[in-house]
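The values are calculated or read from the model by the stated rules, or taken from the named source; none is laboratory data. Nothing here was measured: the structure is a model prediction, and the numbers come from that model. A quick note on method: Cβ atoms are made from the backbone with ideal geometry, for glycine too, and the neighbour counts reach across all protein chains shown.
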């Protein structure tokens with residue numbers, strides 16, 4: 001799921017005051033550098049503007065977005081907050097701050113900011129879409145679907161909105177409706193690779209591994225070297241016990257995006273299958289710390305603990321896996337855990 005940020009754009013105009021002209025020049029040069037992904041140069045121009053006017057909200061907002069692009073979330077947050085202090089009605093800064101709170105996992109703060117945007121501009125589709133992303137992290141799936149519905153109502157041309165709504169239906173295990181929605185999206189834009197990636201995930205759940213493989217290959221044809229797609233293909237290879245190809249894809253995915261907990265989960269599964277249980281435990285714990293809602297994470301972490309003789313920890317994980325309805329914990333594992341609990345009590 002993808003976040004969108006806004007640079008404040010300002011056209012160069014005739015100004016009587018040389019200070020205003022210089023401010024606008026710095027802003028325009030910074031925007032141009034940022035558009036070319038020359039973030040250090042962009043930062044220089046925005047900082048020069050702020051030396052002239054420390055309360056130039058557009059420059060603070062854009063400097064925040066440079067830091068955001070560099071994944072320096074705390075610095076981005078401080079610049080957005082400065083922009084809002086200087087211009088309390090600056091909606092783009094509220095929106096960008098919401099995205100930064102999202103990355104910092106401060107979801108309630110993100111929700112507060114995006115709701116402010118919606119209150120002031122209730123016809124902003126991207127605001128509802130972002131609200132849906134935040135509510136997904138808060139596991140409020142009914143709220144997520146309502147937010148995505150509103151985004152699609154306001155801007156039905158955005159296939160990205162439809163794909164994300166289908167992804168939530170996938171999370172809810174409503175596979176048939178998710179698939180139906182994705183097929184409809186493919187008719188609108190057959191070149192959107194996330195359609196085929198999510199369809200592949202559905203086929204994995206149905207154990208249709210060849211169909212899943214064909215779909216993920218189609219996604220990668222449209223967007224080669226996309227780390228999420230590579231990770232999912234690696235998972236398919238794991239399920240097909242092709243460990244060599246699985247390791248290649250998962251390692252490449254982590255190299256391209258070292259912040260995706262799902263890739264560490266899959267690397268942990270790889271080590272479970274290689275019977276390197278120490279490495280499996282380390283990677284699965286890392287994945288769980290990055291995102292405790294990763295699918296089936298507690299089952300696989302429980303297996304790593306079990307193989308390492310940490311039976312109490314394993315049983316706690318299996319109990320959590322059962323609570324989540326993963327469908328992976330066997331009757332024998334549950335009996336073993338129940339026996340331990342009885343003996344301990």
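Give 220, 238 a once-over and let me know the one that is under 17 Å from residue 294 (Cβ atoms) and surrounded by 16 or more Cβ atoms within 10 Å (Cβ to Cβ).
238
Going by the conditions given, is residue 288 over 14 Å from the mean Cα position of the chain (by Cα) and either surrounded by fewer than 19 Cβ atoms within 10 Å (Cβ to Cβ) or farther than 28 Å from residue 139 by Cβ (or both)?
no
Taking only region 71-102 into account, find how many residues are closer than 29 Å to residue 261 by Cβ and out of contact with any helix residue (DSSP H, G or I) (no Cβ under 6 Å at 6 or more places or on another chain).
Total satisfying the criteria: 6.
Exactly one condition in (1) surrounded by 14 or more Cβ atoms within 10 Å (Cβ to Cβ); (2) over 25 Å from the mean Cα position of the chain (by Cα) is false for residue 103; which is it?
The one condition residue 103 does not meet is (2).
Which residue out of 213, 255, 225 is under 18 Å from the mean Cα position of the chain (by Cα) and either at negative phi or assigned to a helix (DSSP H, G or I) (or both)?
255
Report the residue count in region 267-282 for those that are closer than 22 Å to residue 227 by Cα and under 24 Å from the mean Cα position of the chain (by Cα).
Number satisfying all stated conditions: 6.
Go through (1) in contact with a helix residue (DSSP H, G or I) (Cβ under 8 Å, 6 or more places away or on another chain); (2) assigned to a helix (DSSP H, G or I); (3) without any contact (Cβ under 8 Å) to a residue 40 or more places away in the chain for residue 105 and report which single condition fails.
(2)
(1) crowded, with 21+ Cβ neighbours inside 10 Å; (2) not in a helix (DSSP H, G or I): which one isn't true of residue 96, the others all being true?
(2)
Could you grab me the full set of residues in region 182-205 that are within 19 Å of residue 237 (Cα to Cα) and either over 17 Å from the mean Cα position of the chain (by Cα) or outside the structural domain of residue 217 (by TED's automatic domain parsing) (or both)?
196, 199, 200, 202, 203, 204, 205
Of the residues in region 258-277, how many are touching a residue at least 24 places away in the same chain (Cβ under 8 Å), farther than 16 Å from residue 303 by Cα and loosely packed, with under 15 Cβ neighbours inside 10 Å?
Adding up the residues that qualify gives 1.
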